[in-house]
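Visitor: Let me give you the structure first, and then I'll get to my questions.
Computed from the coordinates by the stated procedures, all read-outs in this text should not be read as laboratory data. Computed from a prediction, not measured in an experiment: that's the story for all the values here. Using ideal geometry, Cβ is built from the backbone for each residue, glycine included, and neighbour counts are taken over all protein chains shown.
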Amino acid sequence: MEDLALDHRNTWLQLEPDLIAIQTVPSFAINERALLLRTPAGNVLWDCIALLDEATNAIIHALGGLTAIAISHPHYYTTMQDWAVAFDAPIYLHAADKDWICRPSDHIRLWEEDALVLSSSVTLVHGGGHFGGGTVLHWTGEDGHGVLLAGDIVQVTPGADHVSFMWSYPNMLPLSAAEVRSVADRLAPWRFERIYGAFSHQNVRQGGHDMVARSAHRYIERIQGPGR
């Protein structure tokens, strides 16, 4: 991490009140972003990036630190153990992905339920799909509308007018129709308007819930064929 900090830094972008994207520049690895969610019950870091530089450490501490770290799937585990130590925060990971944890930490908390309530406004939802323990975060924002922090368990497509689902993105290997149906069914009970994905510009501003349902139907129809 010390070497990475020599020629990289983290940038900050407010996506909406109480939601801030943190992303490393120049781009590093697969260039995902972490999201800092501020709630009355404390701050939650959603997904993780490798670089925890001095400025990021200072800013997060100034904003009240972290009460939890939650990660969608193993591709974004990165240096989660170091973030947990820096902010003395638990890391919530779905137990279905426990074999992918490469470095032990006393801060890791494994959960197995369909959903895990972190506070009155934040719930982790087991979606599956991309990974067995694939997780999304549902947040009830100040405006009362639900928000989905999706990682790439639900992948916002270019144009932000659809989402899609994959088993392997770099190899372009799809999920089966049954797996996509399972993800859609798990998310159906959770109402949300906005979606924020793992990468910059993956921001859906309205109609997110219907978009996921509509996109899953379209995906399944293409895999199975019309009328099936």
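Visitor: Residues of the stretch 149-173 with backbone nitrogen within less than 15 Å of a virtual label 7 Å along the Cα-to-Cβ line of D210, please, listed as ranges.
Guide: 161-163
Visitor: Among I60, A89, S27, which residue has its Cα positioned farthest towards the positive end of the charge dipole of the chain, with +1 placed on the Cβ of Lys and Arg, -1 on the Cβ of Asp and Glu, and the dipole taken about the Cα centre?
Guide: Final value for the positive-end residue is S27.
Visitor: Given H placed on each backbone N at 1.01 Å, which residues far from L15 in sequence or on other chains put an amide H within less than 5 Å of it?
Guide: So L15 has HN proximity to I20, A21.
Visitor: Can you pull the Rg over Rh of the stretch 79-154, Cα-only, Kirkwood?
Guide: Result: Rg/Rh = 0.98.
Visitor: Test of understanding: ordering M80, M211 by Cβ neighbours within 10 Å, fewest first, what list do you get?
Guide: Ascending Cβ contact count within 10 Å gives the list M211, M80.
Visitor: Right, next: In bins 10 Å wide, starting from 0, what share of all Cα pairs of the chain does each bin hold, as a percent?
Guide: Using 10 Å bins, I get a P(r) of 8, 35, 38, 17, 3, 0 for the chain.
Visitor: What number comes out for the charge environment of F199, summing +1 per Lys or Arg and -1 per Asp or Glu over other residues with Cβ under 10 Å away?
Guide: -1
Visitor: Related question: If I take R0 = 41 Å and measure r between the Cβ atoms of I101 and R218 in this structure, what FRET efficiency does the formula 1/(1 + (r/R0)^6) give, to the nearest 0.05?
Guide: Once rounded, the FRET efficiency stands at 0.75.
Visitor: Report, as a whole number in µm² per second, the diffusion coefficient that Stokes-Einstein gives for the stretch 112-171 at 20 °C and 1.002 mPa s using the Kirkwood radius over alpha carbon pairs.
Guide: The diffusion coefficient I find is 170 µm²/s.
Visitor: Which length gain, in nm to one decimal place, applies between S200 and A188 when the Cα-Cα distance is subtracted from 0.36 nm times their residue separation?
Guide: Numbers: separation 12, 0.36 × 12 = 4.32 nm, distance 2.51 nm.
Going from the current span to full extension adds 1.8 nm.
Visitor: FRET efficiency for A86 and E16, Cβ-Cβ distance as r, R0 = 30 Å, nearest 0.05?
Guide: It comes to 0.70.
Visitor: I've got another one for you. Taking GluC sites (Glu not before Pro) as exposed when DSSP calls them loop (any state but H, G, I, E, B) and at most 13 other Cβ atoms lie within 10 Å, what is the longest stretch of the chain free of them, the sites themselves excluded?
Guide: 1-111
Visitor: Of all beta bridges DSSP finds with both residues in the stretch 2-224, what is the antiparallel percent, to the nearest 5?
Guide: Expressed as a percentage, antiparallel bridges in the stretch 2-224 total about 70.
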